[in-house]
Structures are given as C-alpha cells and as structure tokens.
Amino acid sequence: MINAQGPDVSAWDGGPTEDPQVIDFVTFPLANDFCIIKVSEGLVKDRLFDRQWGAAKGKTARMAYHFWRSFVDQKRAVQNMLGFLGNDAGEMPVALDIEAADNSTSVASLGDVWISEYHRLTGLWPIFYSYPYFMAEHGFGAKNIWGAYKHPLLRNCKLWLGQWPFDELESMPGYDVHGDLLRAVLIDEVIRGERALTWPRPLEPFQKVDFWQWTSRYPPSRIPGYYTGPNHKEAVDMNISSLSRIAFQALYPISHPPQSKVKELVVNTPDGPIVFRPG
C-alpha cells in the first residue's frame, strides 16, 4: 500500500519578489498526489493564492488552508476566506491552521467560533492543523469535571498533525557541529525509502491522524518549479495522508499522469505496517 503525499505552500514558497513563482503543476503529480495551498491569514488573502490555486486545478488534488489569527473577528475571517475561494473550494476539505496564539489565552475557544461559523455557512467540517506542544499548551483536548471534552466540535474534524521527528535535532548533543548535516542525511534516507517512519498517534480529542506533516525540511529541489533563486526558502513542508494513493485518488479523483518509479517506504502504524512512495 502506497500512501499519498504532498507539500503545503504559501507565498513564502514563491520567492521574495513582487512576482512570486508558481510550482510546475504539470510535472508535480509525478511524485505528489495533492498540494495544500494557503488561501488566507486572518482577514487577508495570501498574495500567491490565486495563481497557485489556478495553476494546480485539474493537475492535482487541492486543499486550501487558512492560517488562523486570534486578533481578528473569527466569523469575518471565515466569511472572507469563503469569498476568496468563491465557487472553487478545491477537491479536498478546507483546513484550519492554528499554530500561533498571538498572546491570546482563549485560542481553543476562539477556534471553536471559527469552526462553528464555517460549519454554519457550508455544512462541512474543516481539517484541523496544529502540533502537539501547541495543542497541549492551549487545552484543545481539555475535559470538564464530568469528563466531557470542552471543545467537542474538534471531534468532527480530521486531524492534520505537525510532528517532525528529524526537525528537532537541536536538542541532541553535538548539534551545532553535526546537526544540519545529520538531519539532511536522515530526511534523505526517508525520501529514498531507506528509513522507516512510525505513524504518530492522535492527540485528544481526535481519534486518528489523517494527515501528517512529517518534516518542514523537505528539499525544495524536489518540488518542480519551486523558487530556488536568490534568498529562496531552504526547506518545504511535506505531508503524507493516512490513505493509500489508490484510496486517496478514488476519494479525490484527479487525472494523474503515470507515477514515477521510486522506492517504497515502510511506515509502522498502530494498525500495522503501511508503505508510501516519497517524491
């Protein structure tokens, strides 16, 4: 079983110029099954969204994500995002990315307002993105004295988890001397199918991890058309789905060119080993 994979990108991935570069989505599907594209942050549209979103249409499955901010009106943020998407919300569910508190002490509760408004307007539930430390710090899995979740809306959402086993090597002895090189070697071994990953377990209140951002250090050279000019971003966020490529493409059908022949990677999950083919 081969798992689906794809990067998440924003204007930051298009270069520092006023004319950002768009990924080459013609060849992109040779090694990727989806692309997660930033649509908005707070109340503002991402400056590369329209071009990236349009270029990806019909080439790969698309997920639009909203980068959440606590200091804006949450209902208006949803309404603005839906306006930016218009009649094209993509092939995959919209994702809510909550990873910045902006000094708020009510992150989870304000997130509930965003989720509730999105569901009210669309009848759908978003995919929820965050990472373990942030979720624990802000009590997304907190329960009341009766044992019920304080934020039960999250149980309706799929979880897209940021957990980076090779990105956090700074805590290892000798990192200053060998860290960057070691991390690059380990990530390359995963990409080449020579090192197995262990699928992360879900955090409460979620029941499973549906998407896993396993590294934020994926080599830009492996993404066709990615901006590699002056002052380019030196790493890309890469994600894998819990679904096999066959199941994923059946759920989010796109006409793909034939897949490139690359090595398979065994991924150990709580339900047994699975395999995916990195780009």
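The values are calculated or read from the model by the stated rules, or taken from the named source; none is laboratory data. The shown structure was predicted, so the numbers you read here are calculated from the model rather than taken from an experiment. Every residue, glycine as well, gets a Cβ built from its backbone with ideal geometry; the counts of neighbours run over all protein chains shown.
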(message) Can you find, within segment 99-113, the residue that is farthest from G139 (Cα to Cα) among those that are part of a loop (DSSP other than H, G, I, E, B) and among the hydroxyl-bearing types (S, T, Y)?
(response) S104
(message) Let me spell it out: the conditions are (1) outside any helix (DSSP H, G or I); (2) surrounded by fewer than 17 Cβ atoms within 10 Å (Cβ to Cβ), and L96 meets all of them except one. Which number is the exception?
(response) (2)
(message) If A89 satisfies all but one of (1) outside any helix (DSSP H, G or I); (2) more than 30 Å from L30 (Cα to Cα), what's the number of the condition it fails?
(response) (2)
(request) Test N231 against the stated conditions and say whether it is polar (S, T, N, Q) and either more than 18 Å from M63 (Cα to Cα) or assigned to a loop (DSSP other than H, G, I, E, B) (or both). (result) yes
(message) Suppose we filter segment 135-170 for residues that are surrounded by fewer than 17 Cβ atoms within 10 Å (Cβ to Cβ) and assigned to a strand (DSSP E or B); how many remain?
(response) 2
(request) Give the residues of segment 119-134 that are crowded, with 21+ Cβ neighbours inside 10 Å, hydroxyl-bearing (S, T, Y) and touching a residue at least 40 places away in the same chain (Cβ under 8 Å), sorted by residue number. (result) Y129
(message) Return the residues of segment 1-31 that are at pLDDT below 90, surrounded by fewer than 23 Cβ atoms within 10 Å (Cβ to Cβ) and either out of contact with any Gly (no Cβ under 7 Å at 6 or more places or on another chain) or over 20 Å from H232 (Cβ atoms) (or both); say none if nothing qualifies.
(response) M1, I2, P16, T17, E18, D19
(message) I'd like the residue in segment 202-217 that is within 13 Å of I187 (Cβ to Cβ) and in contact with a helix residue (DSSP H, G or I) (Cβ under 7 Å, 6 or more places away or on another chain) and, out of all such residues, is surrounded by the most Cβ atoms within 10 Å (Cβ to Cβ).
(response) T215
(request) Give the number of residues within segment 24-67 that are over 15 Å from A11 (Cα atoms) and of a type in the set (K, R). (result) 3
(message) Give all pairs with beta carbons closer than 7 Å in which a residue from segment 107-118 that is over 14 Å from R76 (Cβ atoms) and surrounded by 19 or more Cβ atoms within 10 Å (Cβ to Cβ) meets a residue that is at pLDDT 95 or above and of a type in the set (S, T, Y); count only pairs at least 6 apart in sequence or on separate chains.
(response) V107/S70
(message) Any residue that is small (G, A, S) and either over 16 Å from the mean Cα position of the chain (by Cα) or part of a loop (DSSP other than H, G, I, E, B) (or both) - is there at least one of those in segment 62-75?
(response) yes
(request) Quickly run through segment 118-170 and pick out the residues that are farther than 18 Å from S216 by Cα and among the aromatic types (F, W, Y). (result) Y118, W125, F140, W146, Y149
